[in-house]
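Shown next, in structure tokens, is the structure this report addresses.
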Amino acid sequence: MKIIDAHHHLTTQPDNLERLAAECERLSVDKVCLFGAGRYGGDYGLAMDDGVRKAMEQCPDLIAAFACFDLGFDPPERVDDIVAQGFKGIKFINPTRNYDDKEFYPVYERMEPAGIPAIFHLGIVAHKPTDKDRDINNNRMRPIYLDTIARAFPDLNIVGAHLGNPWYEEATMSARWNPKLYFDLSGSTLKKKSARFLGDLLWWTPDTRYRDPEGRYAWEKIVFGSDVPPEEIEDVLDDYRTVMAELEVPEEIQAKVLGGTMARLLGIEIGR
Ligand SMILES: [Zn+2]
């Protein structure tokens, strides 16, 4: 059984990596996707790309570093540098236009053959005093835009964060039709929504009349991501396990959610 946390941030606190490594050891978490902060995230105490890359150098078995690419600011060629620097994926947040704007296609075009996953923040971001100046716009981060990207770049593995909160239905229907589009359930969703609510959204199985074109369970499109400080990972892990048990998600599918699927997306084999 492997566990991969597909959504994690590093702060600039000097003991953050140490605390993360200790918790992962205790909880048998094998791998953590650690996101660098974008051009605005650094103001809020988050480590930038360099910081997460150093963390990967310090703990190469545990950490998969993801660079943050600022859509609308960074040139598309930066994707090639990110790959050359050994990052395992790219995170996107706060684009200057909708995620599926054609202006951004050269970015996704470069990622597709590189074989690295794209992780998109979706939906609501926290309210900050600088939002007006920075033109922060949650509407540009709707899950339906990942549907467009998934159709245009069918070999790109895409993970949408927070199940698109609050646009859950867009997220799950897009997941059903796009073979390489996945979502995590990090954020408030697992706390505020019932198992039944999630079951109604993630309803298809290999036996239902309407299905995933590949005949998979809906939960095969969901990955574990925590998006919390190290000491709270256990709580999120418990929430995932509880909701999947309540919905009677088959054991082998639960294993895919907790780590199997993300291992495949990262192209890694984790034995135990
Ligand atoms: Zn996050």
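The values are calculated or read from the model by the stated rules, or taken from the named source; none is laboratory data. Worth saying up front: this structure is predicted, and the values here are computed from it rather than measured. All Cβ positions, even for glycine, are placed from backbone atoms using ideal geometry, and neighbour counts span all protein chains on display.
Any idea which of (1) away from the ligand (no atom under 16 Å from the Cβ); (2) closer than 21 Å to ILE144 by Cα; (3) touching a residue at least 24 places away in the same chain (Cβ under 8 Å); (4) of a type outside the set (Ser, Thr, Tyr) is the one ASP200 doesn't satisfy?
(3)
What is the number of the single condition among (1) assigned to a loop (DSSP other than H, G, I, E, B); (2) more than 16 Å from the ligand (Cβ to nearest atom); (3) within 20 Å of the chain's Cα centre (by Cα) that MET56 does not meet?
Failed condition: (1).
When only residues in the range 98-121 that are surrounded by 16 or more Cβ atoms within 10 Å (Cβ to Cβ) and touching a residue at least 60 places away in the same chain (Cβ under 8 Å) count, which is nearest to VAL79 (Cα to Cα)?
Among them, the one singled out is PRO117.
Within the range 12-28, is there a residue that is within 13 Å of the ligand (Cβ to nearest atom) and either in a helix (DSSP H, G or I) or at pLDDT 95 or above (or both)? Step through it out loud before you land on a result.
Looking only at the range 12-28, we keep the residues that are within 13 Å of the ligand (Cβ to nearest atom), and these are none.
No; the residues of the range 12-28 include none that is within 13 Å of the ligand (Cβ to nearest atom) and either in a helix (DSSP H, G or I) or at pLDDT 95 or above (or both).
Residues checked against (1) surrounded by fewer than 23 Cβ atoms within 10 Å (Cβ to Cβ); (2) of a type in the set (A, V, I, L, M); (3) farther than 19 Å from ARG110 by Cα:
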| position | (1), (2), (3) |
| --- | --- |
| VAL29 | no, yes, yes |
| LEU46 | yes, yes, yes |
| ASP50 | yes, no, yes |
| ILE82 | no, yes, no |
| GLN85 | yes, no, no |
| ILE90 | no, yes, no |
| ASN94 | no, no, yes |
